[in-house]
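Notes follow once the structure below has been shown.
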Amino acid sequence: MLSVFRPFIAICVLFSLSLATLAQSKGFDTGRMDTSTEACNDFYQYANGNWLKTTKIPAEYPSWGSFTIVYENNQNVLKKVVETAAKTTNAAKGSDTQLVGDYYASCMNEDALEKAGIEPIKPFLAEAAKVSTVKDLQKQIAMNHSRGLGGFFRFAIGNDDKNSSVNLASASQSGVGLPNRDYWFKDDAKSVETRQKYAEYMTNMFKLAGDTPEAAAAEAKTVMSIQKRFASAAKAPVDLRDSEANYNKKTLAELAQLTPNFSWTDYLRERGVPNVKEVNVGQPKFFEEMSKMMTEVPVSDWKAYLRWVVIADSAGSLTKAFRDESFNFNAKYLFGVQEQQARWKTCTAEVDGVIGESLGQEFVKTAFSPAAKKRMNELIDNLFAAYQERIQKLDWMSGATKAKALEKLAAYTRKIGYPDKLEGYKGLEIERGSYFQNNLKASEFLVRRNMAKATKPVDRSEWGMTPPTVNAYNNPQFNEIVFPAGILQPPFFDSAADDAINYGGIGAVIGHEITHGFDDEGSKYDAQGNLKTWWTDADRKTFDERSACVVEQFSKFKVGGDVFMNGKLTLGENTADLGGLTMAFAAFEKSMQGKPKPASIDKLTPEQRFFLGWAQAWAEVSTPQGEAFQAQNDPHAIARFRVNGPLSNMPEFAEAFACKQGAAMVREKVCNIW
């Protein structure tokens, strides 16, 4: 995956700005550059210094840069769509217009949210109160999961990692409350403070749900003890990247041995998938511990935990007081965000999240032309050709592994802009009444759709992102690369820009996603998308040694204070950046063969503009809290390191800017994989 918005966006703590001042209409701007800085000393500063010096982070964001600017511009397009739909009161029931318009209108009706108070969650709190046995508890877990509520563990239907042609149920760790398990066990001052702030947040939420201050504090303490115990058995973010370790397919009989106090037969029946006979258990030790907790933790404590799951997961569709408390911890404290977004932004993002296919079709009509799709296909063709040539010339890979790598490359499929096949929302009922109920119905609908995969063949036409999404991804199980229309905008892709800028921008993005199929995890999947060994032992050993160079490089990058990047956590993304830039530059050079060399523009050669295209696409200013959070939780490195890190390994960059050995942007120990 190219990049991700920080997790606070997923809980709808977004942004509000005057869009007229935000538009980034071209792929490159010399006005952003700081030419007083030597390109060979700090290329990120050279490319973006003036912009970095004058840009302030809007109060609604933890960071501000190309991704967020494009996101804002896309939201402005979507605003017209949702508002037009909301004004259409006679749309046919079940039509895209009706679903989008009524969902958006109900979300915007804040007076109705205030009037409803906590009434919407009272039935679910009452269910939690009635739990009196472990059997009751396990039934409630299944019921909550069917509603889209979290807690305990995650359960979903998706591709079988080792047989990508069939679907497989999978269960994975969850329920730790804080961003990851390490937050519970570090004793530094910041970690201690974070746990205290979390306790205060939880206590305040319980009070809003009707508890006395004393009862709320006691419940918060109880829930945190459960979450900490979950965390004690959970894997850290780095370990969660290991596909092979996370593949543990078990029969129901084997599951019964693993979790004797948790009935998977009952759970699957309650979830409506009694036909499931095998489940992949991502983290067996976590489920062993959960099984022990079923009987060792008193039912009264579990009732408090169930209450918390309902309250925390429902906060976004309750009163302003609930939303404010959630914002104060999950965005303001963790990320340094100062203000909540305007309500229309929250509601537009919600519509995209639950019925994004309907919304995306209108977005594409406005923001993504057939000519842009054609140009993307040409760029992808050129990147594949460069990769093929590069693999064939590798001096460290054996012929046997090269043959398999080329087979995988040739089998890649691509998705550009928007889905050609629509899933639709038949059966989803949305009304202009309760936003909470609409949110619940949409969640239940999407959960049922996922559960239905248990009896269906794999559908390789599915998309994992909506068309307006500012991102891209590689799906190793489908052996595909995917580029939503949302990211195919300046500065990543600009049909009016010269080839150098586009190859440095979207070309490197394309190369990045292709390289994910050959990074430390993606390289474990074969041409058919199966988790399978296709390397010789010697080649894998050499690959791991070369990858270790990237780990070492990025682990030395200091974020701030005592926080450093985690080279192991970010290895896949850093490898993809290095490989993507290498391939994109090779493709750009190949595109100029047999033609007169393009003239310099703005006194910059085509080669220089290529690297500037990459650097300006990653311009970003961040809050200290946001950067620290990213370093501990995100597999993507901080923006400035994503620029200077890979470029300092590239002789092509050094040649373009005449950098000498010993310069900061020329590493003595070069990392070279692809």
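Computed from the coordinates by the stated procedures, all read-outs in this text should not be read as laboratory data. Keep in mind it's a predicted model, so treat the numbers as computed, not measured. Positions of Cβ are generated from backbone atoms using ideal geometry, with glycine treated the same way; all protein chains shown enter the neighbour counts.
What angle do you read, to the nearest 10 degrees and between 0 and 90, between the alpha-carbon axis of helix 43-54 and the longest principal axis of the chain?
The angle comes out near 60 degrees.
For Cα pairs less than 8 Å apart in space and 6+ apart in sequence, what is the mean separation divided by the residue count of the chain, i.e. the relative contact order in percent? Before the final figure, lay out each step's value.
Working: 1113 pairs, mean separation 151.4, N = 674.
Relative contact order, the chain: 22 percent.
Taking the beta-carbon count within 10 Å as an exposure proxy, list Phe287, Phe445, Phe610 from fewest neighbours to most. Present the calculation step by step, with values, prior to reporting the outcome.
On the way: Phe287 25, Phe445 19, Phe610 29.
Final ranking by Cβ density, sparse to dense: Phe445, Phe287, Phe610.
Between the range 158-204 and the range 364-406, what's the alpha-carbon centroid distance in Å?
36
Pairs to check: Lys393/Lys660; Lys374/Lys402; Lys250/Lys415. Give those whose C-alpha atoms are more than 28 Å from each other in this structure. Intermediate values should be presented prior to the final figure.
On the way: Lys393/Lys660 26 Å; Lys374/Lys402 30 Å; Lys250/Lys415 33 Å.
Among Lys393/Lys660; Lys374/Lys402; Lys250/Lys415, the Cα-Cα distance tops 28 Å for Lys374/Lys402; Lys250/Lys415.
Lys and Arg at +1, Asp and Glu at -1: add these up for the other residues within a Cβ distance under 12 Å of Pro213 and post the number.
Details: positive: Lys207; negative: Glu200, Asp211, Glu214, Glu219.
Summing Lys/Arg as +1 and Asp/Glu as -1 gives -3.
Any idea what the relative contact order of the range 120-317 is, in percent, if you count C-alpha pairs under 8 Å spaced at least 6 apart?
On the way: 242 pairs, mean separation 62.6, N = 198.
It rounds to 32 percent for the range 120-317.
Expressed as an acute angle from 0 to 90° and rounded to the nearest 10, what is the orientation of the C-alpha long axis of helix 537-555 relative to the principal long axis of the chain?
Approximately 80 degrees, to the nearest 10.
Run through the DSSP bridge list for the chain and note the antiparallel percent, rounded to the nearest 5. Write out the running numbers ahead of the final one.
Numbers: 21 of 29 bridges.
If we restrict to bridges inside the chain, about 70 percent are antiparallel.
Please work out the Cα convex hull volume for the chain and give it in Å³ per residue.
Enclosed volume per residue, from the Cα hull, is 153 Å³.
In debye, nearest 20, what is the charge dipole magnitude of the range 120-317 about its Cα centre with +1 on Lys and Arg Cβ and -1 on Asp and Glu Cβ, if you could check?
Using only the charged Cβ atoms, the result is roughly 260 debye.
Send over the per residue convex hull volume for the range 297-376, Cα only, as a whole number of Å³. Don't skip to the answer; put the middle values down first.
On the way: hull volume 15.0 nm³, N = 80.
Spread over its residues, the Cα hull of the range 297-376 gives 187 Å³ apiece.
Grab the other residues whose beta carbon is less than 15 angstrom from that of Thr533, score K and R as +1, D and E as -1, and report the net. If you can, show how the numbers build up before the last one.
Numbers: positive: Lys162, Lys404, Lys408, Lys524, Lys532, Arg540, Lys541; negative: Asp161, Asp242, Glu244, Glu407, Asp520, Glu521, Asp526, Asp537, Asp539, Asp544.
Summing Lys and Arg as +1 and Asp and Glu as -1 gives -3.
Any idea what angle helix 299-314 forms with the longest principal axis of the chain, computed on alpha-carbon atoms, 0 to 90 degrees, nearest 10?
Rounded to the nearest ten degrees, it is 50.
Can you show me the helix-derived [θ] at 222 nm for the chain, built from DSSP H runs with n ≥ 4 at -39,500 (n - 2.57) apiece and divided by the number of residues, rounded to the nearest 500. Write out the running numbers ahead of the final one.
Values: 25 runs with 339 residues, N = 674.
Result for the chain: -16000 deg cm²/dmol, rounded to the nearest 500.
Starting from the amide H of Gly517, placed 1.01 Å from N in the peptide plane, find each other amide H under 5 Å away whose residue is 5 or more places distant or on another chain.
Result for Gly517 returns nothing.
Relative to the Cα centre, what is the charge dipole magnitude of the chain, using +1 at the beta carbon of each Lys and Arg, -1 at the beta carbon of each Asp and Glu, and rounding to the nearest 20 debye? Could the numbers behind the result be given before it?
Working: 80 positive and 82 negative charges, 152 e Å.
It works out to roughly 740 debye.
In vacuum, with every alpha carbon of the range 120-317 counted as one equal point scatterer, what does the Debye formula give for log10 I(q)/I(0) at q = 0.14 Å⁻¹? Two decimals, please.
Each listed q corresponds, in turn, to -0.84.
Kindly flag which residue pairs out of Lys162/Lys453; Lys139/Lys456; Lys556/Lys669; Lys122/Lys320; Lys524/Lys568; Lys122/Lys303 have an alpha-carbon separation exceeding 20 Å in this structure.
Working: Lys162/Lys453 17 Å; Lys139/Lys456 25 Å; Lys556/Lys669 14 Å; Lys122/Lys320 17 Å; Lys524/Lys568 17 Å; Lys122/Lys303 14 Å.
Long pairs (Cα-Cα over 20 Å): Lys139/Lys456.
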